[in-house]
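See structure below.
Just so it is clear, none of the values below were taken in a lab; they were calculated from the coordinates. Since this is a predicted model, take the numbers as computed values, not measurements. Positions of Cβ are generated from backbone atoms using ideal geometry, with glycine treated the same way; all protein chains shown enter the neighbour counts.
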Amino acid sequence: MGFSYSVDPTDLSQTGWGVLFPEGSDPAIEEALEPLLNLRRAQAKNRFWRFSHRGGESSQDFLWYRHGAHPGILDTFKMPFYLLLVGDLEEIPFDFQNGLDIQLATGRLSFEDVADYARYARGAVETEQNKQAQRDRAAFFVTQNDTATSNFAHAVAEPLLQSFEKSATRFDLETYTNEHATKARLIETLSDASSPLRFLLISSHGVALRAGQENQQLIQGAVVCQDWPGGSRVQKEHYFAASDVPQSANISGMIGFLLGDFSGATGVTEEIFYGFDNGMSSTQTRQKPFIANLPRALLSHPRGGALAILARCGRSWVYSDGSGAGRNLDWLRAALEDSILSLIQGFPIGFSHKALARAYSELMATPSFLSEELGAQQTPEEQLALDWAIKANLRNFMILGDPAARLL
């Protein structure tokens, strides 16, 4: 968890809250975020922090040697539990963020335009300060284009939907599965003016282009909808990208789970292990690491955007023939279910995301993982491959947005 069990994870004056900028960052970005920073400063009181990241600095150097935040129970007078990183993946690398996440709860904001930072900050503050008493909407969007997406739907998305239906009675729930999970339906549910869409889970393939392919940075990780018939190249009419987010979207205060390939970022994880590359190596999917455009568009929507998006950095590892799929995905389903249940009970997304970190830590302590790390040959290759897929599915998620954001 990071902090003592006596600490209330919803009280920023106990947990602390901080923001981290790269050294030499544009002052206009910090100015654009000022409404959010002022709100968090008032809430965190003397546990509000403003940090800078030095190029090449490791998470251990930052936590231990520069700020005295050693392993164990987190001293929130030295380091806040919730830490918002502001910058792209070259300025603040994914490995640095992942290292912080062992002890902290991090989120990231990275936009091309300073105005997008301002829109996010205004929307987040307005959501917290002007919540209206009304029924909120939630939506599950689950495709089954092929064996891989069908396996994922049956093993992960459908059980999550059933759990949500039982527990999240405050929401009007919409479900779009199989032939109903079309691009037109997704646009329609985002635009519904009746009430804000507060929670969205999308289970699908993500658009995956090789490095150098046209529009890779524009559409990488876009949602491949049920419109795609499978077995052929994905066309524009088959996927939902940042450019498809409607101007009329009613998503102020939303928290989203985007579970498709590259839905969060590309180029931050190793994509090849034990034959899983399907002919596409990590060098073919990236030139430099970058954040996906779709979550950026959702977070910075002009009418009020999402508060946070949990998204995948890299591929979703599913056995397309069904072999090993159960054990591979059971860990992920259980961790995501715990995260979602925590979220709908009012806990911040950063705290809720810790369910994935706990599962990952438990797996790393199993003999097969230890033998992998030590280079031993005591476990059959297929077992190592399966365990690696489970590890990758749990590890490679990122919160985009404020980690202290919660469903209000």
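Observations on the model:
- Springs between Cα atoms under 10 Å define the GNM used for the chain, and in it the highest mean-square fluctuation of Phe351, Phe77, Phe257 occurs at Phe77.
- Environment charge of Gly260, counting only residues whose C-beta is closer than 10 Å and scoring Lys/Arg +1, Asp/Glu -1: +1
- Taking amide hydrogens as placed 1.01 Å from N in the peptide plane, the amide H of Asp172 sits under 5 Å from those of Asp136, Arg137, Ala138, each at least 5 positions away in sequence or on another chain.
- For peptides 23-33, 245-255, 158-168, sequence by mean Cβ density within 10 Å, most packed first: 245-255, 158-168, 23-33
- Sequence-ordered 3J(HN,Hα) estimates for segment 54-67 from the Karplus curve with 6.51, -1.76 and 1.60 and θ = phi - 60° stand at 8, x, x, 6, 7, 4, 5, 4, 5, 6, 7, 8, 8, 10 Hz, glycine and proline given as x.
- The charge dipole of the chain, taken about its Cα centre with unit charges on the Cβ of Lys, Arg, Asp and Glu (plus for the first two, minus for the last two), comes to roughly 900 debye.
- Overall form of segment 12-110 per C-alpha gyration tensor (a/c, 1.5; a/b vs b/c): oblate
- Net charge of the neighbourhood of Pro246, taken over other residues with C-beta under 10 Å away and scored Lys/Arg +1, Asp/Glu -1, is -1.
- For Ser316, the residues whose amide H sits under 5 Å from its own are Asp261, Phe262, ignoring neighbours fewer than 5 places away on the same chain, with H placed 1.01 Å from N.
- Rounded, prolate or oblate (a/c below 1.5 giving rounded, otherwise prolate when a/b exceeds b/c) for segment 75-141 by Cα gyration tensor: prolate
- Ratio of the Cα radius of gyration of the chain to 2.2 N^0.38 Å, where N counts its residues: 0.93
- Volume of the Cα convex hull of segment 176-257, divided per residue and given in Å³: 101
- Highest mean packing comes first when the peptides 97-106, 42-51, 302-311 are listed by Cβ atoms within 10 Å, giving 302-311, 97-106, 42-51.
- Report summary: the helix-based calculation at 222 nm, which adds -39500 (n - 2.57) for every DSSP H run with n ≥ 4 and divides by the residues of the chain, gives -10000 deg cm²/dmol.
- In this structure the amide hydrogen of Leu20, modeled in the peptide plane, comes within under 5 Å of the amide hydrogens of Phe51, Leu84, Leu85, Val86, none closer than 5 places in sequence on its chain.
- Take every Cα pair under 8 Å whose residues are at least 6 apart in sequence, average their separation, divide by the length of segment 12-110, and the relative contact order is 36 percent.
- Chain lengthening between Arg303 and Ala334 when straightened (0.36 nm per residue, less Cα-Cα): 7.7 nm
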